[in-house]
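Rule-based calculations on the coordinates, nothing more; no lab input. Keep in mind that this is a model prediction, so the values were computed, not measured. Note: ideal-geometry Cβ built from the backbone for every residue, glycine included; neighbour counts use all protein chains shown.
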Amino acid sequence: MPTRTDIEHLIPAEGRAFDVIVVGGGPAGIGAAVAAARNGASTLLLEGRSFFGGVAAVAPWMPMNRLMLNGGHRGGVHDLFVAQVKAHGGHAYVEGKQNAIDGDGLDIHPDYLKLAIFELLEQNGVCYRLHSPVTDVLMDGQRVTGVVVTGKGGRQEFPASVVVDASGDGDVAHLAGAEMVEGREEDGVHMPVSLVFVLANVDTERFFAYLADQPQAFREVIEQARGEGYAVAAWYSFNQTTVPGTVGVNNGAMVDMGSINAAQAGDLTVAERLGLQVAVDTVRLARDKRIPGLEDCYLMFTGATVGVRDTRRLVGEYVLTVEDARSGPQFDDMIARKYGAIDANQLFIGEMHSGFGYPYRCLLPKEVDNLLVAGRCGSATFLGHAAGKSMGNMMELGQAAGVAAALCSAQGITPRAVDVRQVQAALRAMGVHL
């Protein structure tokens, strides 16, 4: 059992320098931090919120898809992460769904998830800090030399040889002046921003049987309720949980809410307010309409905050496109693979070449050095990002960035100068399927 002294040893004071600093504690950041540390780099993981885990921790029992490969080992950080979660037993997780979009994953209890991540970081010697939002960058010309955290204790600087931006919103790249884009190319529209919630006192067997046998009847109930003035979501997806009689409810945000730019506080405030209305009204309509299995349900709780699917994206040395996802070219600098389907929610859903390659150049800003950008803020078009955007895929992109960052720090070179063949060799040595 860890002591306070054990934990404090991993929480650095201001000014401590690291080989690699990873910004953002979601799946991409976890992949980057653990991979960097396992490849010999002194590593710090910074997270602005009070927990690690990203959307999987924000949205209770949100499916973490593509953690595995065809039900087996995906290699690298994925295997370490899955093993750490499963070590907590059946209270921690249930097996996820199996389809083109949701597959090869786990639905994880958010608190067991947070604990498992702490344990994984500690076992691999990763230093970490929560409540540490990155608000500025340290620069030497066009080179990123560290980051600035501004929290309750004021402004604090942390130098680094290499920084990995896994913030989801591309915060570090944006602050460093890298070229960024937002939203769908033709109109700037973003994917829905949703507040996930949990229903209790559910007859889960009857409810899931109803959804399987009468999906059209469920849709008609929702449409009728919308016409009667209930706040309903554009779509609902229901997930098994580890607590008997409860169901996790993912959704497409309130119908007609419009596009939400999650990089703007005002838009996020709208999404939080209307997300709560959807959660409460879903319970009310389920009871009023006597939806089988939900006749006596209650709202157990909503997620810690809304879940975000896209904001800023890097314009890197290569911009991944949906055509790449569909044709599956073999990039010489491939450092990851993305599995699943194209999932931009109600904006677009389609098939892709599952397992297509992701090039190293997508991690590299064109104008900024000593920075790698991984996860949903990596270099891609709107649908290029939507192709295989599952959390397991984001972890793999982060893992590649972490390996590259460690190699760069050890060799005293910038990410632009690294020999990608060395990155690929290190990933294969970790058991990654390239």
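So here's what we get for this one:
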quantity	calculated
Share antiparallel - DSSP beta bridges, the chain, percent rounded to 5	70 percent
Pairwise label distance in nanometres, Leu276 with Thr3, each label 7 Å out on the Cα-Cβ vector	4.3 nm
Gained length - Glu186 relative to Ala212, 0.36 nm times residue gap less alpha-carbon distance	5.7 nm
Principal axis dimensions, largest first and in whole angstrom, of segment 216-368 by Cα	57, 33, 31
Full-stretch length increase - Ile11, Gln422 - with 0.36 nm per residue and alpha-carbon distance subtracted	144.9 nm
Convex hull (Cα only) mean projected area of segment 1-128, reported in nm² to one decimal	8.0 nm²
Viscosity 1.306 mPa s, temperature 10 °C, Stokes-Einstein D of segment 197-302 from Kirkwood C-alpha radius, µm²/s	112 µm²/s
Expected 222 nm ellipticity per residue - DSSP helices of 4 or more, -39500 (n - 2.57), all of the chain, to 500	-10000 deg cm²/dmol
Extension reserve of the Gln98-Gln142 stretch, reckoned as 0.36 nm per residue once the Cα distance is removed	11.3 nm
Estimated vicinal HN-Hα couplings, Hz - segment 147-157 in sequence order (Karplus 6.51, -1.76, 1.60; Gly, Pro = x)	9, 10, 10, 10, x, 4, x, x, 7, 9, 9
Calculated FRET efficiency for the pair His433/Ala83, C-beta based, R₀ 25 Å, to 0.05	0.90
Taking the C-alpha atoms of the chain, convex hull volume expressed per residue in Å³	135 Å³
